[in-house]
Amino acid sequence: MTMQHVFPTYQRFPFAITDGQGVHLTDNHGKTYLDFTAGIGVCNFGYHQPQIQAAVTQQLTHIWHTSNLYENELQDAVAGLLANGEERLVYFANSGTEANEAALKLARKYTGKTGILAFQHSFHGRTYGAMSMTGNPHIQAGYAPLVPGITFATYNDDAALDKITPELAAVILEVVQGEGGVFAGQTAWLQAVNAKCQATGIDEVQTGIGRTGYRMAYEGYGLDPDIYTVAKGLANGLPVGAMVGRRQLATAFGPGSHGSTFAGNAVAMAAAKRVLTQLTPALLTTVRAHAKLVWQSLATQVEPIPVVKQITGKGLMIGIHLDEQIPVNQVITRLQVEGLLTLSAGDNTLRLLPPIVMQPADLLAGIALIAKVLTTLTTEVTTNE
Ligand code: PLP
């Protein structure tokens, strides 16, 4: 199958995913895989999860869409779950990039300032504002002029603190830089940035919804953002995004200030409500315990392999940085043959984002396959030298 009618904006592997059950996926040739991708951090509860499935199916028999011209109890329930007892309000969007657009607009409108400080190797999305805040020249290439007023600093670098001045509308960062190579922020540095900012915006699009073992990754670092954004895992596969901000920001986001036709769609909201209800402290404790087992296994089985430069990340968001002799796509393809789906990130990094509900036996089986493939490839490279 070669796709004929779609712009070639994605480099695709030559098979299609046609079904999923639990933490396994099936392709169009009937081959099954253990899934270490979760649809790039989206299907954190796996596939055909009975309660989410039931919530969506039930909503489909009622209303699919209403405009945002009417009150909406379901949206308010999801917003309440996101606020989690804090004095925060939610603006719904349809994706991560849209949530970040909303954050950018709100930060500028509320403060009356234009400056935004973002970080090198960040990723915030592909629309103009989010792309302009993305510290990756490849993603911005060909699209100038970008949104003005955005400057960049080095992530995890104390010199960045000097760039946080009162002239800024906001600072935006990921607690773990995902697309940029799965680099976790250092706790002391993140806390120093948070303390110095007048407005901190945390992009939890990839790190949120239990990915790092916390509801939102910032909670695990003791941070307190003024605004945070979430998407990907929020509805376990239905398109939704959300910007969550302090209640007092509402003065700048009144009627007519922002909006979107599909934002807060009823079917997506039904899924999100179920996802957030299931994201309990008990589940998060389990995710952290499982992640600990995974990191122990990575340390003993994967880290010593000569082609592995370092392993970075947090919780179930993992980057295995490979020597340039072993192109990451070659590893991904070999793992596909072995029945394991994985991702890449940054600079030749194998990225793992398993569903957060994956049990230890499957997690450890996947790590064992990675160790096996990397060991084989190391031997091949050494033999060819
Ligand atoms: N922000 C982060 C941290 C992301 O990882 C992504 C997507 O990978 C986005 C924003 C953009 O999200 P979306 O693709 O839903 O627009």
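The values are calculated or read from the model by the stated rules, or taken from the named source; none is laboratory data. All values derive from a computational prediction rather than experimental measurement. Here the Cβ positions follow ideal geometry from the backbone for every residue, glycine too, while neighbour counts run over all protein chains shown.
Return yes or no: is ARG88 under 21 Å from LEU343 (Cβ atoms) and basic (Lys, Arg)? If you could, list the steps in order and put the result at the bottom.
On the way: under 21 Å from LEU343 (Cβ atoms): no; basic (Lys, Arg): yes.
In short, no.
The residues listed here are THR312, THR376, THR286, THR382; of these, the one that is touching a helix residue (DSSP H, G or I) at 6+ places or on another chain (Cβ under 9 Å) and either at pLDDT below 95 or of a type in the set (Val, Ile, Thr) (or both) is THR376.
Residue under question is GLY245, and the condition is that it be surrounded by 24 or more Cβ atoms within 10 Å (Cβ to Cβ), away from the ligand (no atom under 16 Å from the Cβ), closer than 30 Å to GLN59 by Cβ and within 19 Å of the chain's Cα centre (by Cα); does it hold?
Details: surrounded by 24 or more Cβ atoms within 10 Å (Cβ to Cβ): yes; away from the ligand (no atom under 16 Å from the Cβ): yes; closer than 30 Å to GLN59 by Cβ: yes; within 19 Å of the chain's Cα centre (by Cα): yes.
The answer is yes for GLY245.
Considering every residue within the range 187-196, establish whether at least one is in a loop (DSSP other than H, G, I, E, B) and either within 25 Å of TYR110 (Cα to Cα) or not hydrophobic (A, V, I, L, M, F, W, C) (or both). Within the range 187-196, not a single residue is in a loop (DSSP other than H, G, I, E, B) and either within 25 Å of TYR110 (Cα to Cα) or not hydrophobic (A, V, I, L, M, F, W, C) (or both).
In the range 248-261, of all residues being in contact with a strand residue (DSSP E or B) (Cβ under 8 Å, 6 or more places away or on another chain) and assigned to a helix (DSSP H, G or I), the one that is surrounded by the fewest Cβ atoms within 10 Å (Cβ to Cβ) corresponds to ALA250.
Scanning the range 42-62 for any residue that is among the hydroxyl-bearing types (Ser, Thr, Tyr) and over 24 Å from ARG211 (Cβ atoms) turns up at least one such residue.
Condition check ((1) in contact with a Gly (Cβ under 7 Å, 6 or more places away or on another chain); (2) within 14 Å of the ligand (Cβ to nearest atom); (3) under 30 Å from VAL373 (Cβ atoms)) across all residues:
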{"site": "GLU219", "(1), (2), (3)": "no, no, no"}
{"site": "ASN236", "(1), (2), (3)": "no, yes, yes"}
{"site": "LEU249", "(1), (2), (3)": "no, no, no"}
{"site": "SER257", "(1), (2), (3)": "no, no, no"}
{"site": "ALA268", "(1), (2), (3)": "no, yes, no"}
{"site": "THR280", "(1), (2), (3)": "no, no, no"}
{"site": "THR285", "(1), (2), (3)": "no, no, no"}
{"site": "VAL294", "(1), (2), (3)": "no, no, yes"}
{"site": "LYS314", "(1), (2), (3)": "no, yes, yes"}
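Those helices (runs of 4 or more DSSP H) of the range 94-143 in which 3 or more residues are within 11 Å of the ligand (Cβ to nearest atom) and closer than 27 Å to ARG247 by Cβ occupy 96-111.
Give the number of residues within the range 262-284 that are in contact (Cβ under 8 Å) with a residue 24 or more places away in the chain and either over 24 Å from the mean Cα position of the chain (by Cα) or assigned to a helix (DSSP H, G or I) (or both). If you could, list the steps in order and put the result at the bottom.
Taking the range 262-284 and keeping what is in contact (Cβ under 8 Å) with a residue 24 or more places away in the chain, we get 262-279, 283-284.
Then keep just the ones that are either over 24 Å from the mean Cα position of the chain (by Cα) or assigned to a helix (DSSP H, G or I) (or both); that gives 266-278, 283-284.
So the count comes out to 15.
Might you check whether a residue that is within 16 Å of the ligand (Cβ to nearest atom) and within 13 Å of the chain's Cα centre (by Cα) occurs anywhere in the range 154-173? Looking through the range 154-173, at least one residue is within 16 Å of the ligand (Cβ to nearest atom) and within 13 Å of the chain's Cα centre (by Cα). Checking ARG88, ARG126 one by one, the residue that is more than 26 Å from THR349 (Cα to Cα) and not aliphatic (A, V, I, L, M) is ARG88 and no other. All told, ALA77 falls short of being within 16 Å of the ligand (Cβ to nearest atom), farther than 30 Å from THR333 by Cα, assigned to a helix (DSSP H, G or I) and at pLDDT 95 or above. Residue count for the range 202-229 satisfying the condition of being in contact with a helix residue (DSSP H, G or I) (Cβ under 7 Å, 6 or more places away or on another chain) and closer than 23 Å to LEU117 by Cα: 15. Of the residues in the range 222-234, at least one is surrounded by fewer than 23 Cβ atoms within 10 Å (Cβ to Cβ) and within 16 Å of the ligand (Cβ to nearest atom). Counting only residues that are over 16 Å from the mean Cα position of the chain (by Cα) and of a type in the set (Phe, Trp, Tyr), the range 115-140 holds 2 of them. Is it the case, given these coordinates, that VAL176 is assigned by TED's automatic domain parsing to the domain that holds LEU223, surrounded by 20 or more Cβ atoms within 10 Å (Cβ to Cβ), more than 12 Å from ILE116 (Cβ to Cβ) and not hydroxyl-bearing (Ser, Thr, Tyr)? When the stated conditions are applied, VAL176 passes them. May I ask you to list the residues in the range 175-186 that are in a loop (DSSP other than H, G, I, E, B), touching a residue at least 40 places away in the same chain (Cβ under 8 Å) and either touching a Leu at 6+ places or on another chain (Cβ under 6 Å) or more than 10 Å from the ligand (Cβ to nearest atom) (or both)? Scanning the range 175-186 gives GLY181, VAL182.
Restricted to the range 195-215, and to residues that are aliphatic (A, V, I, L, M) and surrounded by 24 or more Cβ atoms within 10 Å (Cβ to Cβ), which residue is nearest to the ligand (Cβ to nearest atom)? Even if it seems obvious, please write down each step before you answer.
Kept after step one, since they are aliphatic (A, V, I, L, M), are these residues of the range 195-215: 195, 199, 202, 205, 209.
Filter again for surrounded by 24 or more Cβ atoms within 10 Å (Cβ to Cβ), leaving 202, 205, 209.
Working: ILE202: 10, VAL205: 3, ILE209: 12 Å.
Among them, the one singled out is VAL205.
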